[in-house]
Amino acid sequence: MYTPGEEIVQIVDEHNRELGELPRRLMREQRLIHRASYILVFNAVGELFIQKRTTTKDVYPGYWDVAAGGVVQ
């Protein structure tokens, strides 16, 4: 079974230099810098697509979000 907190995340420093990898849970607990990606989607009249985050997210579960994205593994 997939456990989001155990997903491996690359940790970087403030200059985007790779420092290592840790489970997402530890990255969140220690508030470490990590890479992420985001995609903003607009329609022809300039409206921004938003999504509702899943209730199983470790940060802001169930909230509306302007970006579909995620950490870079």
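Within region 24-42, whose backbone N sits under 16 Å from a point 7 Å along Cα→Cβ of V59? Output list for this probe position: 24-39.
Neighbours of V12 by Cβ distance under 9 Å: Lys/Arg scored +1, Asp/Glu scored -1, total -1.
Here's how it looks for R53: its modeled amide H is under 5 Å from those of G62, Y63, W64, D65, which are all 5 or more places away or on a different chain.
On alpha carbon coordinates alone, what is the Rg over Rh value for region 4-71, Rh being the Kirkwood radius?
1.06
Over region 4-71, with every protein chain in place, what whole percent of the accessible area is carbon and sulfur at 1.4 Å, could you tell me? Don't jump to the answer; show the numbers that get you there.
On the way: 2820 of 5090 Å².
Answer for region 4-71: carbon and sulfur cover 55 percent of the accessible area.
Database remark: amide H of H34 closer than 5 angstrom to the amide H of V12 (H placed geometrically; neighbours at sequence offset of 5 or more, or on other chains; Pro and chain starts carry no H).
The values are calculated or read from the model by the stated rules, or taken from the named source; none is laboratory data. Treat the numbers as computed from the prediction; the structure is a model and nothing was measured. Quick reminder, even Gly has a Cβ in these numbers, built from the backbone with ideal geometry, and neighbours come from all protein chains shown. Only protein heavy atoms, including side chains, enter the accessible area calculation; ligands, DNA and RNA are left aside. Shrake-Rupley method; radii C 1.70, N 1.55, O 1.52, S 1.80 Å.
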